[in-house]
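The values are calculated or read from the model by the stated rules, or taken from the named source; none is laboratory data. Everything numeric in this text was worked out from a predicted model, so none of it was measured. Cβ sites come from the backbone with ideal geometry, for glycine too, and all protein chains shown count toward neighbours. With ligands, DNA and RNA removed, areas are computed over all heavy atoms of the protein, side chains included. Shrake-Rupley method; radii C 1.70, N 1.55, O 1.52, S 1.80 Å.
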Amino acid sequence: MKISCFDAHCDTLWRCWATGEPLRRNSGQLDLERGRALGRYAQFFAMYHDAKEAPPDGLWAQLLRLHEIFLRQTEQNADWIVPCRTGEEVDTAIGAGKIAGLLSIEGADLLECDPQKVEEVAEWGVRLINPVWNRANVLSGTNVEEPERGLSSQGWAFVRAMEEREIFVDVSHLSDAGFWDLAERTHRPLVASHSNARRVWNHPRNLTDDMFRVIRDTGGVVGINAYAAFVGAQATMENLVAHIEHFLALDGEKTLCLGGDLDGCEVLAGGMEGLQDLPRLYETLQRRGYPASLLEDIFWNNLRRLI
């Protein structure tokens, strides 16, 4: 089944670095071959590394390596993928029959939490940055560590640097306190690239209803996460759909998108094993009577509109 797929988060670049496998075809959950089989496909590739496992030359050096992997892999596979920075470039790539590849950064530790480094990664075309991953840093606490701590003064400087370069703040992994700090002061759309509904499954990585409403009202997007741990005690396809339906009940038709977290987790919901199984989610929603226009918004239009 051919579907549109614009996904806000995967960890495939990290996996390419860790395993040495290429982007074109690999044994992970996502590769270009499977993406081409979907039909229309655009993907945010996160540059990620655990701050507690920093290499000897530091996390900035690791970020440079991850960026080099992206550049090298897209160059070697130029027949299939085009690096993109804007929505217009995505449209051009798709119109040429190619995959659109975009960049994000998961955890500002990779930039040494330095606001001045934001300008350099903006030149690379980075459009999303998570101030934190699971590890608390000088910018803020996280869902996992120091969840009561919000944005520091350096955190605000970092956010302002992002806003000046039109990079969206990605609140997935951010502490609840940090989220509400942002909600009170930011004037730009917020993004939760890979987060589900806390009302459906009470996990701190998921969003409360009020958080979702704030993101909705800023004009941002929320990417549905297929990672089983964030779906429910029974990570069935039905329970994954329950997160979508809960957000739709909060007037999320123009807010929901995909954020599968592929290659960032071991087990996906609904028995899915990788990108090739995404049409099963589409078909499940289709069988429930959701119109093609709504599915096109969730699977493509909402994230495309943002960028």
Euclidean distance between Cα centres, segment 143-162 to segment 1-60, Å: 26 Å
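Provide the per residue accessible area, probe 1.4 Å, for segment 1-159, rounded to a whole number of square angstrom. Each step should come with its number before you reach the end.
On the way: 6110 Å² over 159 residues.
Counting only protein heavy atoms, the per-residue value for segment 1-159 is 38 Å².
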Whole-Hz ³J(HN,Hα) from phi, Karplus 6.51 cos²θ - 1.76 cosθ + 1.60, for segment 41-47, glycine and proline x: 9, 10, 9, 7, 9, 7, 9
For ALA197, residues with placed amide H under 5 Å, excluding near neighbours: LEU207
Pairwise label distance in nanometres, VAL138 with GLU112, each label 7 Å out on the Cα-Cβ vector: 1.0 nm
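If N is the number of residues in segment 1-102, what value comes out of its Cα radius of gyration divided by 2.2 N^0.38 Å? If you can, show how the numbers build up before the last one.
Details: Rg = 13.9 Å, N = 102, 2.2 N^0.38 = 12.8 Å.
Here the Cα radius of gyration is 1.09 times the empirical estimate.
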Pair ARG280, ALA54: separation of 7 Å Cα→Cβ label points (nm): 4.0 nm
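Any chance you could run the full-extension gain for GLU75 through SER27? It's 0.36 nm times the residue separation minus the Cα-Cα distance, nm to one decimal.
Numbers: separation 48, 0.36 × 48 = 17.28 nm, distance 2.08 nm.
Here the answer is 15.2 nm.
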Spatial extent of segment 73-132: Rg and Dmax, with the Cα atoms as the point set, Å: 13.3, 38
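With r defined as the distance between the Cβ atoms of MET1 and ASP209 and R0 fixed at 45 Å, what FRET efficiency is calculated, to the nearest 0.05?
Values: r = 32 Å, r/R0 = 0.72.
Approximately 0.90, to the nearest 0.05.
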In sequence order, calculated HN-Hα J values of segment 293-304 (Karplus, 6.51, -1.76, 1.60; Hz; x Gly/Pro): 5, 5, 5, 5, 5, 5, 7, 8, 5, 5, 6, 4
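Treat every Asp and Glu Cβ in the chain as -1 and every Lys and Arg Cβ as +1, leave all other atoms uncharged, and give the resulting dipole magnitude about the Cα centre to the nearest 20 debye.
Working: 31 positive and 46 negative charges, 144 e Å.
Result for the chain is approximately 700 debye, rounded to the nearest 20.
Please label the shape of the chain as rounded, prolate or oblate, based on the square roots a ≥ b ≥ c of the eigenvalues of the alpha-carbon gyration tensor (a/c under 1.5 means rounded; beyond that, a/b larger than b/c means prolate, else oblate). Could the numbers behind the result be given before it?
On the way: a/c = 1.45, a/b = 1.09, b/c = 1.32.
It is rounded, given that a/c, with a ≥ b ≥ c, falls under 1.5.
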Residues of segment 12-55 with amide N under 19 Å of the 7 Å Cα→Cβ point at GLU145: 47-55
Approximate spin-label separation GLU119-ALA229, in nm, with each point projected 7 Å along Cα-to-Cβ: 3.8 nm
